[in-house]
1. Roughly how many Å² is the accessible area per residue of the stretch 76-128, as a whole number, for a 1.4 Å probe?
2. Take MET1, MET309 and sort them by solvent-accessible surface of the protein heavy atoms, 1.4 Å probe, largest at the top.
3. Add -39500 (n - 2.57) for each DSSP H run of 4 or more in the chain, then divide by its residues: what number comes out at 222 nm, to the nearest 500 deg cm²/dmol?
4. Provide the net charge surrounding PRO374, with neighbours chosen by a C-beta distance below 9 Å and charges set as Lys +1, Arg +1, Asp -1, Glu -1.
5. Which of the lysines could a cross-linker bridge to LYS238, judged by Cα under 20 Å and excluding same-chain residues fewer than eight apart?
6. Among GLU70, GLU115, what's the order by accessible area (1.4 angstrom probe), most exposed first?
7. Counting only protein heavy atoms and using a 1.4 Å probe, what share of the accessible area of the chain belongs to carbon plus sulfur, as a whole percent?
8. Per 10 Å bin, what is the whole-percent P(r) computed from every C-alpha pair distance within the stretch 1-148?
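The values are calculated or read from the model by the stated rules, or taken from the named source; none is laboratory data. Keep in mind it's a predicted model, so treat the numbers as computed, not measured. A quick note on method: Cβ atoms are made from the backbone with ideal geometry, for glycine too, and the neighbour counts reach across all protein chains shown. These area figures cover heavy atoms from the full protein model, side chains too; ligands, DNA and RNA do not enter into them. Shrake-Rupley method; radii C 1.70, N 1.55, O 1.52, S 1.80 Å.
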Amino acid sequence: MVGAACAYYAAQAGLTVTVIDRGPVAGGTTGTGEGNLLVSDKEPGPELELALLSVQLWHELAASLPSAIEYEAKGGLVVASSDDGLRALRGFAARQGEVGVTAHEVPADGLGELEPHLSPGLPGGIHYPQDAQVQPALAAAHLLKAAASQGRNQPRSRSRPRLRLRLGEEVTGLLTGADGAVRGVRTATGEVRAPYVVNAAGTWGGDLAKLAGVELPVLPRRGFVLVTEPLPRVVRRKVYAADYVADVASGSAALQTSAVVEGTAAGPVLIGSSRERVGFDRSLSTEVLRRLALGATALFPVLAGVRVMRTYTGFRPYLPDHLPAIGPDPRLPGLLHACGHEGAGVGLAPATGLAIARCLTGGEPPVDIAPFAPARFGPEPLGPGPRAA
Ligand SMILES: Cc1cc2nc3c(=O)[nH]c(=O)nc-3n(C[C@H](O)[C@H](O)[C@H](O)COP(=O)(O)OP(=O)(O)OC[C@H]3O[C@@H](n4cnc5c(N)ncnc54)[C@H](O)[C@@H]3O)c2cc1C
């Protein structure tokens, strides 16, 4: 998703881009997550700034991309389980409101109007109309397609494809020149020359950084999703319990689960959310699935009688301060990073892509990217750097 967005905005800015992926489109975390575009779960700060720009950009993209990406500006609803919890949510929303987030408190007797199947007796919640959703794999694919069509309406003499897609090809090294700057990448089948390389390798961004001789401590943070059989719209929005925000912000490696339930345009209800750092372990955890199901049925009792169609797991690209790495790497001229977006990479992709395109073309990034500085975890290059080309 992030690589597709970088390619889209770079092609739009007139650059020629080669996207290299060792797998298929959306074969990484993008194909194993959900597609929420959230401002509601972010506290005021650099990530929220990126999210606010991204929801606006997603809105614009949705107008030009096919409806197949399932963009839905459905809004989010965060519900409290106690009066104290509601007070905390109210304070959080007030601080978000100061930086441009729209949030409306919903009293207990207003919850049913927004979500008729929500469990009765909850004390209230906060409605976030800016939250939206896309289908991530389709969104990535259509963004790449749109990138490929950039420049097609140029006069014939200047018309050339702005995007080349090399799938099933692994990057195995970086090429550098005598001046030490990036000259492209080496892949399993040859070399791709370019003055700039953008590391959009998601959870594997740390491995790619290592190939470039620099440190970026991206770790996998595992999550499971339960997918129900297609239903009529029993859940209208993304609805989640207040403790979700604390789980997202936690640095603990231990298992955390909180109830997150959302209806989709296609019918299935998606149920999350879990977080744990267990490396790239793909084994099914019935304990996690049990907790997810319990949380969801507590919020929406109607789901107790519904069948789960499948479950899947993915690995969020986690950096220790929960912020992505975006921008040029001062340790290796010509290398840029756009990875480590953890559980928000779909939402944050457009603003990231636009920022990268601006960096590549010498423009001003649309938001301050200093907090996302790629060298913040280790300012010095690692041992001997990549081999000169
Ligand atoms: C359960 C779950 C739920 C989630 N829900 C949401 C959500 O609701 N909203 C949201 O915004 N985000 C969500 N996320 C997070 C989101 O999915 C990720 O942040 C996002 O997909 C990351 O995108 P990416 O492009 O950075 O990484 P990826 O999609 O992983 O793409 C990286 C690509 O790099 C390729 N690659 C790696 N190394 C190499 C190499 N050496 N050579 C060539 N190619 C290479 C991989 O094949 C891969 O395709 C969720 C994640 C999970 C696991």
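1. Numbers: 2560 Å² over 53 residues.
Accessible surface, normalised per residue, equals 48 Å².
2. Values: MET1 20, MET309 105 Å².
Per-residue accessible area, sorted high to low, gives MET309, MET1.
3. On the way: 9 runs with 106 residues, N = 389.
Taken over the chain, the calculation gives -8500 deg cm²/dmol.
4. Working: positive: ARG331, ARG376; negative: ASP329.
Every neighbour counted, the sum reads +1.
5. LYS42, LYS74
6. Values: GLU70 60, GLU115 0 Å².
Largest to smallest exposure gives the sequence GLU70, GLU115.
7. Numbers: 8780 of 16320 Å².
Carbon and sulfur: 54 percent of the exposed surface of the chain.
8. 11, 33, 30, 18, 8, 1
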